[in-house]
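As structure tokens, the structure follows; a few thoughts come after it.
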Amino acid sequence: MVIYIELLVGVVAVAGEHLSHKTAGILSTIFDIGGVFGGISAGFISDSLGVRALTSVLFLMFSIPSLILYRIYGSVSMHLNIGLMFLSGYFVNGPYSLITTAVAADLGTQDTIKGNSRALATVTAIIDGTGSVGAALGPLLTGL
């Protein structure tokens, strides 16, 4: 909550240096870059081992300490901030990518849906739509 308040008033500090909204926005892309690598890694691991649910749970379990470490040590230095932001994106977005793509495809290959492209589209839309609702409500609830 403190981070959101700081962003609203434009005071974000890393290593004692106040960052502008522009710089903070550019730095936030590191989270997304980590997410790209996390999604690729989660997909590779789940395909290699054949355990999508376990892969998602493990990534999410590792995301908790990475977010806590970012909250505690993210303001120490710019390099540490970038590294921890990348790590957080890696573990948070990895299971998200896995769930919205591979799991949707797995559900679409079930016998009850097989051959029905409309049912597959519905399953995929439900999964993507649920993620979009969460993405929209998350910041709202955080603000409250």
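The values are calculated or read from the model by the stated rules, or taken from the named source; none is laboratory data. On a predicted model such as this, the values are computed, not experimentally measured, just so you know. Virtual Cβ from ideal backbone geometry, glycine too; neighbours counted across all protein chains shown.
Which one of these is crowded, with 16+ Cβ neighbours inside 10 Å, under 28 Å from T124 (Cβ atoms) and among the polar types (S, T, N, Q): S75, S63?
On the way: S75 fails: under 28 Å from T124 (Cβ atoms).
Result: S63 is the single residue among S75, S63 that is crowded, with 16+ Cβ neighbours inside 10 Å, under 28 Å from T124 (Cβ atoms) and among the polar types (S, T, N, Q).
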So which residues in segment 83-105 are of a type outside the set (A, V, I, L, M, F, W, C) and more than 10 Å from the chain's Cα centre (by Cα)? G83, T100, T101
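Give the residue that is farthest from H79 (Cα to Cα), with candidates limited to residues of segment 15-60 that are polar (S, T, N, Q) and assigned to a helix (DSSP H, G or I).
For segment 15-60, the residue satisfying everything is S48.
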Return yes when I82 is among the aliphatic types (A, V, I, L, M), farther than 17 Å from I30 by Cα and assigned to a helix (DSSP H, G or I) and no when it is not. no
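Within segment 110-125, is even one residue closer than 30 Å to I26 by Cα and either out of contact with any helix residue (DSSP H, G or I) (no Cβ under 9 Å at 6 or more places or on another chain) or modelled with pLDDT of 90 or more (or both)?
Pass one, segment 110-125, residues closer than 30 Å to I26 by Cα: none.
Looking through segment 110-125, none of the residues is closer than 30 Å to I26 by Cα and either out of contact with any helix residue (DSSP H, G or I) (no Cβ under 9 Å at 6 or more places or on another chain) or modelled with pLDDT of 90 or more (or both).
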